[in-house]
């Protein structure tokens, strides 16, 4: 029931773009994105809802394809502060929020 | 500061012992989620409570149990501890039972070390 993220790790130079993908074998009603910096708690970035409504972060965007049960997180013109591990979360029924294994993003100057 | 408080921040204990981790959700949040994060691993869902009732269970071991009290704080009890239980334990809170329309806020975690 855990969503699958790809890639597992990304290394970029500051200013480059990145895409992180999340897919599920279950029907998705919403997808959540969180970022966790080393040694810290995960922090909410964005929710994408079935039907297209989106809430989230001003400098990071995402898409949600309900038919393919996939979501992608887009980070454009990456900044050093974007470094961290990104998790997508889904709710496969019963109101539990389960996360993918994470994508580690490293931004170098 | 997310508004979710977890205590203690660090805990070192011996194998075979029992510990209790505490979580106070944000004011007004009725849902509490517990997660286990082993070193450099993902967030493994353990259990969810909503307004005092268990709502969902993940891969929680039988040695682990949790409850949510009338004041909405939650406790995660870990017993017969093993070395492999060493991890960071997070709780998160949310306003509703389902998260389709709202986000979860995470506490800073309790780092448990079993020696």
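How high is the relative contact order of chain A, in percent, with contacts defined as C-alpha pairs under 8 Å that are six or more residues apart?
Details: 271 pairs, mean separation 42.2, N = 109.
Relative contact order of chain A: 39 percent.
Using a basic spin-label model with each label point 7 Å from the Cα along Cα→Cβ, how many nm lie between residue B:53 and residue A:19?
4.3
Restricting to chain A, compute how many DSSP beta bridges are antiparallel as a %, nearest 5.
Details: 34 of 39 bridges.
Restricted to chain A, the bridges split so that about 85 percent are antiparallel.
Using only the Cα atoms of chain B, build the gyration tensor, take square roots of its eigenvalues as a ≥ b ≥ c, and label the shape rounded, prolate or oblate: rounded if a/c is under 1.5, else prolate if a/b is larger than b/c, else oblate.
Working: a/c = 1.76, a/b = 1.67, b/c = 1.05.
Judged from the Cα gyration tensor, chain B comes out prolate (a/c at least 1.5, a/b above b/c).
What's the exposure ranking of B:39, B:11, going from fewest to most Cβ atoms within 10 Å?
Ranking B:39, B:11 by Cβ neighbours within 10 Å, fewest first, gives B:39, B:11.
Output needed: percent of Cα pairs per 10 Å distance bin for chain A, bins running from 0 to the one holding the longest distance.
Percent of pairs per bin, in order: 16, 50, 29, 5, 0.
Given the options B:76, B:43, B:88, which has the most mean-square fluctuation in a GNM of chain B, springs set between C-alpha atoms less than 10 angstrom apart?
B:43
Relative to the present Cα-Cα distance, how much length would full extension add between residue A:80 and residue A:50 at 0.36 nm per residue of separation? Before the final figure, lay out the partial values.
Numbers: separation 30, 0.36 × 30 = 10.80 nm, distance 3.16 nm.
In short, 7.6 nm is gained.
Go ahead and run the numbers for FRET between residue B:9 and residue B:63, Cβ-Cβ distance against an R0 of 25 Å, rounding to 0.05. Before the final figure, lay out the partial values.
Working: r = 23 Å, r/R0 = 0.90.
Efficiency, rounded to the nearest 0.05: 0.65.
Mind telling me which of B:26, B:55, B:63 comes out most flexible in a GNM of chain B, alpha-carbon contacts under 10 Å?
Taking springs between Cα atoms under 10 Å, the residue moving most is B:63.
Counting each pair of different Cα atoms once, what's the Kirkwood radius of the protein assembly as shown in Å, rounded to one decimal? Walk me through the numbers before you get to the answer.
On the way: mean 1/r = 0.0562 Å⁻¹.
It works out to 17.8 Å.
Only counting other Cβ atoms within 10 Å, I'd like B:75, B:62 sorted with the fewest neighbours first.
On the way: B:75 16, B:62 7.
Neighbour counts put them in this order, fewest first: B:62, B:75.
Using a 10 angstrom cutoff on alpha carbons, build the Gaussian network for chain A and name the most mobile of A:27, A:41, A:62.
Sorting by GNM fluctuation, first place goes to A:41.
Write down the percent of antiparallel bridges among all DSSP beta bridges whose residues are both part of chain B, to the nearest 5. Could the numbers behind the result be given before it?
Details: 35 of 39 bridges.
If we restrict to bridges inside chain B, about 90 percent are antiparallel.
Express in whole angstrom the spacing between the alpha-carbon centres of segment A:22-36 and segment B:39-115.
When both Cα centres are located, 19 Å separates them.
Short version: what are the Cα gyration tensor semi-axes of segment A:1-46, square root of 5 times each eigenvalue, largest first, in whole Å? Kindly include the intermediate steps, with their values, before the conclusion.
Values: eigenvalues 95, 46, 22 Å².
Its equivalent ellipsoid spans semi-axes of 22, 15, 10 Å.
None of the figures in this text is laboratory data; all of them are computed from the coordinates on show. Owing to the predicted nature of the structure, the values given are computational and were not obtained by experimental measurement. Here the Cβ is made from the backbone with ideal geometry for all residues, glycine too, and neighbour counts use every protein chain on show.
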